[in-house]
1. Is there any pair with a first residue in the range 228-253 that is on the phi > 0 side of the Ramachandran plot and a second that is in a loop (DSSP other than H, G, I, E, B) and acidic (Asp, Glu) whose Cβ atoms are under 6 Å apart and which are 6 or more apart or on different chains, and what are they?
2. Read through the list (1) of a type in the set (Lys, Arg); (2) closer than 16 Å to residue 100 by Cβ; (3) at pLDDT 95 or above, then give the number of the only condition that residue 29 fails.
3. If I ask for residues that are more than 21 Å from the chain's Cα centre (by Cα) and of a type in the set (Ser, Thr, Tyr), which ones from the range 1-34 would you list?
4. Let me confirm something: among 88, 51, 38, which residue is out of contact with any strand residue (DSSP E or B) (no Cβ under 8 Å at 6 or more places or on another chain) and under 30 Å from residue 198 (Cβ atoms)?
5. Going through the range 138-182 one residue at a time, which ones are surrounded by fewer than 16 Cβ atoms within 10 Å (Cβ to Cβ) and touching a Lys or Arg at 6+ places or on another chain (Cβ under 6 Å)?
6. If only one of 205, 160, 197, 187 is of a type in the set (Gly, Ala, Ser) and closer than 30 Å to residue 120 by Cβ, which one is it?
7. So which residues in the range 111-135 are under 14 Å from residue 24 (Cβ atoms) and either acidic (Asp, Glu) or out of contact with any Lys or Arg (no Cβ under 9 Å at 6 or more places or on another chain) (or both)?
8. Which one is surrounded by the most Cβ atoms within 10 Å (Cβ to Cβ) among residues in the range 8-34 that are under 19 Å from residue 62 (Cα atoms) and of a type in the set (A, V, I, L, M)?
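The values are calculated or read from the model by the stated rules, or taken from the named source; none is laboratory data. What you are looking at is a predicted structure, and each value in this text was computed from that prediction instead of being measured. Heads up, the Cβs are rebuilt from the backbone with ideal geometry, glycines too, and the neighbour counts pull from every protein chain shown.
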Amino acid sequence: MLNEIKAGLKMIEAEEDLTILFACESGSRAWGFGSPDSDYDVRFIYLRPLSFYLQLQPGRDVIERQLAGDLDMAGWDLQKALRLFAQSNACLFEWLKSPIIYRQQPEFLAEMRGLIDVHLNPISTFYHYWSTAQKMWQERNSAGEIKIKKLFYVMRPLLAARWVISKREMPPITFAELRAGADLTEAVSDCLDDIEARKALAKEAQIIQVPQVLTDWIDGDLVRLKAEVEHLSFEKRTTMKKLDGVFLRYLGL
């Protein structure tokens with residue numbers, strides 16, 4: 001699959017006349033709880049030739065390709081990525097912090113990672129994770145059952161929201177790191193161990209009964225964290241000048 005991913009990136013570069021600056025794995029595999037049938041979600045940032053950015057009619061700034069073998073590839077133009085960076089886009093920050101990197105220009109990745117904390121808006125980042133957890137949690141049925149994949153799509157953002165509240169920084173990407181940084185009860189921790197072991201062997205669509213200890217933890221944290229964020233404040237430090245400089249430098253200007 002690694003060879004197919006690398007070939008897919010080269011194909012996109014050739015067909016679209018662009019340079020991929022960075023490519024990574026996103027989603028469950030990057031988060032550390034991929035299932036045997038999980039897709040590969042490849043995300044990338046790319047740069048077009050200078051003439052593309054000088055057109056009177058703006059060109060499309062997103063590329064999406066669905067390739068064989070459950071390979072989903074999607075990328076953002078550097079200009080779009082930098083604008084979203086300035087808006088503290090949590091998805092983009094997760095790409096840049098992914099533990100699975102397929103392609104990189106080391107200087108670019110190091111610079112972008114170094115700018116994350118400066119541009120992070122902890123309040124919007126919190127709501128990104130909290131609202132995701134809440135939405136996924138609402139998908140369980142009246143009997144308290146949910147797809148095992150969706151349960152992790154509740155628990156991980158809930159832990160990430162916890163991290164933002166307590167540390168005022170971009171949370172780690174993997175579920176294991178988020179768990180390690182959370183003050184969980186022994187009962188919740190033991191339950192998570194069991195669910196993780198089951199997830200590793202289960203298909204993503206498998207339905208499970210959510211244990212009561214997890215139900216209580218999720219319900220409680222959704223309420224508690226929402227109340228805590230009301231007291232969260234931060235000083236905006238975003239500077240477009242720095243990001244403009246990154247863009248112009250990669251255009252050779």
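1. Partner pairs satisfying both residue conditions: none exist.
2. With respect to (1) of a type in the set (Lys, Arg); (2) closer than 16 Å to residue 100 by Cβ; (3) at pLDDT 95 or above, residue 29 is out only on (3).
3. Listed by number, the list holds a single entry, 19.
4. Working: 88 fails: under 30 Å from residue 198 (Cβ atoms); 51 fails: under 30 Å from residue 198 (Cβ atoms).
Within the list 88, 51, 38, the selection yields 38.
5. Of everything in the range 138-182, just one residue is surrounded by fewer than 16 Cβ atoms within 10 Å (Cβ to Cβ) and touching a Lys or Arg at 6+ places or on another chain (Cβ under 6 Å), namely 139.
6. The unique qualifying residue is 160.
7. Listed by number, the list holds a single entry, 112.
8. Here is the first cut: in the range 8-34, the ones under 19 Å from residue 62 (Cα atoms) are 8-27.
Subset that is of a type in the set (A, V, I, L, M): 9, 11-12, 14, 18, 20-21, 23.
Working: 9: 20, 11: 13, 12: 20, 14: 9, 18: 19, 20: 20, 21: 20, 23: 24.
Per the criteria, the residue is 23.
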